[in-house]
1. Take residues that are more than 23 Å from W132 (Cβ to Cβ) and not hydrophobic (A, V, I, L, M, F, W, C) and tell me which of the strands (runs of 3 or more DSSP E) falling wholly in the stretch 48-97 contain 1 or more.
2. How many of the residues making up the stretch 68-127 are among the hydroxyl-bearing types (S, T, Y) and under 21 Å from Y169 (Cα atoms)?
3. Examine the stretch 129-143 for a residue that is surrounded by fewer than 16 Cβ atoms within 10 Å (Cβ to Cβ), in a loop (DSSP other than H, G, I, E, B) and either over 18 Å from the mean Cα position of the chain (by Cα) or touching a residue at least 24 places away in the same chain (Cβ under 8 Å) (or both), and state whether such a residue exists.
4. Is there any pair with a first residue in the stretch 154-169 that is touching a residue at least 12 places away in the same chain (Cβ under 8 Å) and among the small types (G, A, S) and a second that is surrounded by 10 or more Cβ atoms within 10 Å (Cβ to Cβ) and assigned to a loop (DSSP other than H, G, I, E, B) whose Cβ atoms are under 9 Å apart and which are 6 or more apart or on different chains, and what are they?
5. Looking at L234, L207, which one is in contact with a Ser or Thr (Cβ under 6 Å, 6 or more places away or on another chain), in the same structural domain as R141 (by TED's automatic domain parsing) and of a type in the set (A, V, I, L, M, F, W, C)?
6. Among the residues of the stretch 81-106, write down those that are of a type in the set (K, R) and touching a Gly at 6+ places or on another chain (Cβ under 7 Å).
Amino acid sequence: MRRRDRAARRARRVIGWGVTLAIAAVLALIGYGWIRNHPQDTPWAPLDLTQPIGMFTGRKLAALGEDFPRCRALLDRAGVGYTVLAERREGARCGYSDGIRFAAGEPRLPRFQPAGLGTACPVAAALALWQWEVVQPAAERHFRMRVTQVDHLGSYNCRRLYGRSSGDYSQHATADAIDIAGFRLADGTRISVLGDWRGNGKRAAFLRDVRDGACDVFATVLSPDYNAAHRDHLHLDQADRGAMGWRACR
């Protein structure tokens, strides 16, 4: 009888392990299929600007600050026209060597006004993806039309945070940031951060949607919800804080 009980227990254990291994195999196959279809959600898959935004897209974009050729190759593959800016140095802490300017009349992007905007390449790559995957879908959703112009307050500015005389330098000091003031729709309607952030209407909802979406592609996003210094713009930057670095979205 005892031998029979021991044999039955062994059989149950074998069956249990077999079922567990079978379930693990099925889950592994499902997981492999999901990863193949969602490379943007894995940390090891190469960044591709033609793919949807995923869980690791923002970190991959910020890391482009260490690889200017790779950043340019991504823009080339996505069909974005641009020119490379001459290297700029202004003191020990200001300047850039990875600046680009979108081509005038680039058909895949709205106009940036004032014209002639130059940014570090990781900012430009994030701007392009943000326009395609966040800004234009939000405009279609709220207004049934597209954004044709983005109003900005500039990118490169050799200064410390908040214009202070001491302390850390701003990401603007290396063109790794841009301040977005508003948007213009196809019918000429202007949506401004200063004038339209507050409230419950479509304009406020649109601005919050594009702010929230920017958090997936920029390392830092600061809006009027953060402080009074940002009451009239969205600050977007690509501070590279490492693979596990913190990200700010306010």
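1. Here the list reads 88-90, 94-96.
2. Initial filter on the stretch 68-127 (among the hydroxyl-bearing types (S, T, Y)): 82-83, 96-97, 119.
Restricting the remaining residues to those that are under 21 Å from Y169 (Cα atoms) gives 96-97, 119.
So the count comes out to 3.
3. The answer is no; no qualifying residue exists.
4. G154/P114; G154/L117; S155/L117; S155/A175; S155/D176
5. Residue meeting the stated conditions: L234.
6. R88, R89, R101
The values are calculated or read from the model by the stated rules, or taken from the named source; none is laboratory data. This structure is a prediction, so every number in the text was calculated from the model and none was measured. Glycine also receives a Cβ, built like all others from the backbone with ideal geometry; neighbour counts cover every protein chain displayed.
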